[in-house]
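First up is the structure itself, then whatever we jot down about it.
No lab work stands behind these numbers, since they all come straight from the coordinates. Worth saying up front: this structure is predicted, and the values here are computed from it rather than measured. Every residue, glycine as well, gets a Cβ built from its backbone with ideal geometry; the counts of neighbours run over all protein chains shown.
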Amino acid sequence: TDPARNTPMAKKKIDSAAPAHPPLECFPNPHPANGYTIHFECYEFTSVCPKTGHPDFGTIEIEYEPNKQCLEMKALKLYLQSFRNVGAFYEDLCNRITRDLVAACAPRWLTLKGMFTARGGMKATITVEHFDESQIRETAE
């Protein structure tokens, strides 16, 4: 409630449905035979708490080994920024993002880590892993 008026405060409108996100874009992996990792860090990730309507802040780290496609960084940035007004729990956000990234570029493996700013003295870190066993490369001994 608004203490000055003793009336309920208007809650910020949040979108808890799956919003339309900008498309994730990919480009052909220039070295598909090489095993290498790509690491992205979005340290200004924001979303909205679905219970309170308050903003949530965090860092999203994405690390993956590309197969035939690599994620294009500007499209990834715009995609992640599109969660700004989305009301969802951390666990849902991290799993949704991982699912979309895997669908876009079909990596050999991908790990997404969401590290969210502390609230009420509690910090949350959510880690989601994807591993495509069909993409295991043989290594010479």
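Here are the numbers for this structure:
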item	result
Extended-chain gain in nm, criterion 0.36 nm per residue less alpha-carbon gap, residue 117 and residue 73	13.5 nm
Shape parameters for region 48-141, alpha-carbon atoms, Rg then Dmax in Å	15.3, 55
Whole-Hz ³J(HN,Hα) from phi, Karplus 6.51 cos²θ - 1.76 cosθ + 1.60, for region 114-119, glycine and proline x	x, 10, 9, 4, 4, 10
Where only C-alpha atoms are counted, convex hull volume of region 33-88 per residue in Å³	77 Å³
Where trypsin sites (Lys or Arg not before Pro) fall in DSSP loop in region 41-141, at most 15 other Cβ within 10 Å	51, 68, 84, 137
Between region 39-66 and region 84-105, the alpha-carbon center distance in angstrom	9 Å
